[in-house]
Amino acid sequence: MSRTLFVGDREFFPGIGRIEYEGPGSDNPLSFKAYDPERIVAGKSMEEHLRFAVCYWHTFCADGADPFGPGTRQRPWAAGNDPMDNARSKLDAAFEFFTKLNVPFYCFHDRDMAPEGETVAQSESNLKQLVTLAKERQQASGVDLLWGTANLFSHPRYMNGGATNPDFLVVAHAAAQVKAALEATVELGGQNYVFWGGREGYSCLFNTDTKRELEHFARFLAMARDYGRSIGFEGAFLIEPKPMEPMYHQYDVDAQTVIGFLRHHGLDRDFKLNIEANHATLAGHSSAHDLQMAVDAGMLGSIDANRGNPQNGWDTDQFPMDMYDCVQNMMIVLAAGGLGSGGFNFDAKVRRESTDAEDLFLGHIGGMDAYARALVIADRIVSDGKLEAFKASRYTSFGQSAGRRFENGELSLADLRDFAAGSPEPVQQSGKQERVENLLNDYMFT
Ligand code: XLS
Ligand code: NI
Ligand code: NI
């Protein structure tokens with residue numbers, strides 16, 4: 001099917017056509033070297049495995065501004081005087097970008113798509129107008145919504161939090177935004193709805209009742225779930241853990257913290273996790289660790305694909321290029337049977353010094369090729385089964401007699417004592433980390 005690449009007579013990325021798979025031999029930087037959407041790997045096409053999404057905020061709202069200087073990029077869709085006109089131009093630019101890049105999905109915050117109004121009602125109306133247009137663009141382009149979310153962290157009213165704000169009126173404003181963002185997500189057929197607790201946390205324990213704030217948070221999430229289900233949202237609610245930045249302490253620290261919180265409050269049937277690589281590293285983990293914890297709990301929902309900078313502790317949101325990380329992440333996703341209704345959302349931005357419009361494409365092309373290569377390598381590893389077999393071999397003692405009875409809950413602490421007392425000293429078993437790491441390199445480079 002041939003699609004028009006942009007709407008009307010305004011082309012925002014002139015000189016760039018549809019990005020095609022040209023293979024590893026191509027020297028065209030605006031082509032895919034590895035991502036071939038139709039290529040079948042482990043029984044599914046690359047497009048179905050990877051379910052790539054572009055994020056609205058970094059790609060169409062950010063202009064390169066940082067705390068030390070203003071934006072460095074000209075964004076033609078933001079050049080007008082009327083915020084609603086700009087929002088409509090931005091939507092057209094976004095759909096032109098999605099179509100040219102050939103991604104199946106996108107993600108957005110309410111305020112990325114439509115500007116905040118003077119009142120709650122006006123903000124709702126602004127969003128509704130843009131959602132109507134977005135629905136038309138989705139139908140014309142075939143691009144779908146992976147997830148929607150509400151920005152409960154930019155407006156100054158949220159400086160002390162959204163759902164966990166000590167002021168009930170601010171909590172009510174947060175609820176108004178989530179209600180409208182859920183309606184927008186349902187209207188656009190969004191497959192998931194995300195909560196990232198940007199300012200759900202605190203900076204000083206002397207002025208914060210953490211127990212009360214966390215109870216408010218759980219109540220708020222339950223209300224959002226109930227409202228979402230009542231208007232026909234059937235997708236997954238996702239929490240995106242992050243330990244800090246902007247708040248000093250954020251409540252959704254990492255995967256295991258969020259899993260415990262959701263289970264404690266009985267939210268684990270409707271909520272899963274959206275794991276962002278750079279957030280896991282901020283928490284002192286690897287992205288593979290947080291993904292594995294989510295998979296083990298049966299709660300992996302989706303992935304924000306990016307990477308941090310190993311030399312500092314910020315959320316630098318760089319495009320994923322580190323092949324060791326990508327391969328490990330893909331091994332976990334493949335072994336878990338895929339992402340279901342989740343996807344790989346590029347929560348990533350080009351550097352402040354990358355000022356050409358083309359750089360937005362190059363960043364995404366690099367990330368898509370990195371994960372396509374990782375998929376092929378991970379499939380080799382997972383289907384070969386050597387690593388998995390070695391892992392399983394370390395636990396064989398639990399498959400037999402007393403070990404099995406222990407796993408079945410049939411033994412007491414005293415039984416274990418007697419087993420130890422009646423057996424010889426354990427034979428030393430090497431963990432063979434060097435052997436398994438060497439094996440990974442063999443798979444990656446041969
Ligand atoms: C910020 C988060 C944010 C969420 C969506 O660090 O990654 O972009 O993904 O609110
Ligand atoms: Ni982030
Ligand atoms: Ni994110």
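The values are calculated or read from the model by the stated rules, or taken from the named source; none is laboratory data. Fair warning: this is a prediction, and the values are worked out from it, not measured in the lab. Please note: Cβ atoms are built from the backbone with ideal geometry, for glycine as well, and neighbour counts cover all protein chains shown.
Of all the residues in the range 268-322, those that are away from ligand 3 (no atom under 12 Å from the Cβ), touching a residue at least 12 places away in the same chain (Cβ under 8 Å) and acidic (Asp, Glu) number 4. For the range 286-309, a tally of residues being more than 14 Å from ligand 1 (Cβ to nearest atom) and touching a helix residue (DSSP H, G or I) at 6+ places or on another chain (Cβ under 8 Å) returns 11.
Of Leu238, Leu169, all but one fail to be at pLDDT 95 or above and in a strand (DSSP E or B); the exception is Leu238. Looking at the range 231-247, which of its residues are at negative phi and away from ligand 2 (no atom under 16 Å from the Cβ)? Ile231, Phe233, Glu234, Gly235, Ala236, Phe237, listed by residue number. Checking each residue of the range 64-72 against the condition of being more than 23 Å from the chain's Cα centre (by Cα) and in a strand (DSSP E or B) gives at least one match.
In the set (1) free of Cβ contacts under 8 Å to residues at least 60 places away in the same chain; (2) within 14 Å of ligand 1 (Cβ to nearest atom); (3) surrounded by 24 or more Cβ atoms within 10 Å (Cβ to Cβ), the condition left unmet by Asp254 is number (3). Is it the case that the range 208-215 has a residue that's over 28 Å from Arg137 (Cα atoms), in contact with a Ser or Thr (Cβ under 8 Å, 6 or more places away or on another chain), part of a helix (DSSP H, G or I) and in contact (Cβ under 8 Å) with a residue 24 or more places away in the chain? Yes: one or more hits. Within the range 1-33, if we keep just the residues that are under 27 Å from the mean Cα position of the chain (by Cα) and surrounded by fewer than 14 Cβ atoms within 10 Å (Cβ to Cβ), the residue that is nearest to Leu375 (Cα to Cα) turns out to be Pro29.
A quick yes/no check of all residues on (1) surrounded by fewer than 17 Cβ atoms within 10 Å (Cβ to Cβ); (2) assigned to a helix (DSSP H, G or I); (3) more than 16 Å from ligand 2 (Cβ to nearest atom); (4) among the polar types (S, T, N, Q):
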{"residue": "Ala87", "(1), (2), (3), (4)": "no, yes, yes, no"}
{"residue": "Lys90", "(1), (2), (3), (4)": "no, yes, yes, no"}
{"residue": "Ala93", "(1), (2), (3), (4)": "no, yes, yes, no"}
{"residue": "Glu116", "(1), (2), (3), (4)": "no, no, yes, no"}
{"residue": "Gln122", "(1), (2), (3), (4)": "yes, yes, yes, yes"}
{"residue": "Thr132", "(1), (2), (3), (4)": "yes, yes, yes, yes"}
{"residue": "Leu145", "(1), (2), (3), (4)": "no, no, yes, no"}
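Kindly indicate whether any position in the range 34-55 is under 18 Å from the mean Cα position of the chain (by Cα), within 16 Å of ligand 3 (Cβ to nearest atom) and either β-branched (Val, Ile, Thr) or in a helix (DSSP H, G or I) (or both). Yes, the range 34-55 contains a residue that is under 18 Å from the mean Cα position of the chain (by Cα), within 16 Å of ligand 3 (Cβ to nearest atom) and either β-branched (Val, Ile, Thr) or in a helix (DSSP H, G or I) (or both). Pairs are defined by a Cβ separation below 8 Å, a sequence spacing of at least 6 or placement on different chains, a first member in the range 96-111 that is within 13 Å of Arg51 (Cβ to Cβ), and a second member that is assigned to a helix (DSSP H, G or I) and within 14 Å of ligand 3 (Cβ to nearest atom); the pairs so defined are Tyr106/Tyr56; Cys107/Tyr56.
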